[in-house]
1. When region 60-85 is examined, which residues are found to be farther than 22 Å from Val97 by Cα and touching a residue at least 24 places away in the same chain (Cβ under 8 Å)?
2. How do the helices (runs of 4 or more DSSP H) wholly within region 4-110 filter down when requiring 2 or more residues that are modelled with pLDDT of 70 or more, among the hydrophobic types (A, V, I, L, M, F, W, C) and out of contact with any Pro (no Cβ under 7 Å at 6 or more places or on another chain): which remain?
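The values are calculated or read from the model by the stated rules, or taken from the named source; none is laboratory data. All values reported here derive from a predicted model rather than from experimental measurement. Every residue, glycine as well, gets a Cβ built from its backbone with ideal geometry; the counts of neighbours run over all protein chains shown.
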Amino acid sequence: MGRYLSPFKIYIPLALALIGIFASGCSKTMQRQTAEVDRRVDENIQSLMGLSNGMSKGEVYSLAGVANYVEGYEWGSVWRYKIRKGENDSFLAKKDVELNYMPVVFDNTDRVMGYGQKFYDQTLKDLGAGQF
């Protein structure tokens, strides 16, 4: 009589092999994504060196490209660019994660008022944090 093969003896090795292949692919994808983010951070740092007060939004866009995220206020707006490697940017509600981004502060005429975290904090203190 033929020997009965348990489904577990067939499926477990197959499942383990598939998990190994999937995990290997995910790891390589994550490494590529991390390298791309790090490259963009390097570009942001280099580009933002050319910022100056009075620049228009168009000039900032030409200099540094699309901001990682934008905030709107009654008195103007803020564009934030990632400037620190590491730390995933998926939890923006955490204050320490915001420190991975440099704010560029625009007035209501769309001109740069200033930039950097200290300037941003002082602007919120002086002009208010009422977002629209």
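1. As a first pass, look at region 60-85 and keep what is farther than 22 Å from Val97 by Cα: 60-63, 74-76.
Result: Val60, Glu74, Trp75, Gly76.
2. Result: 7-48, 57-64.
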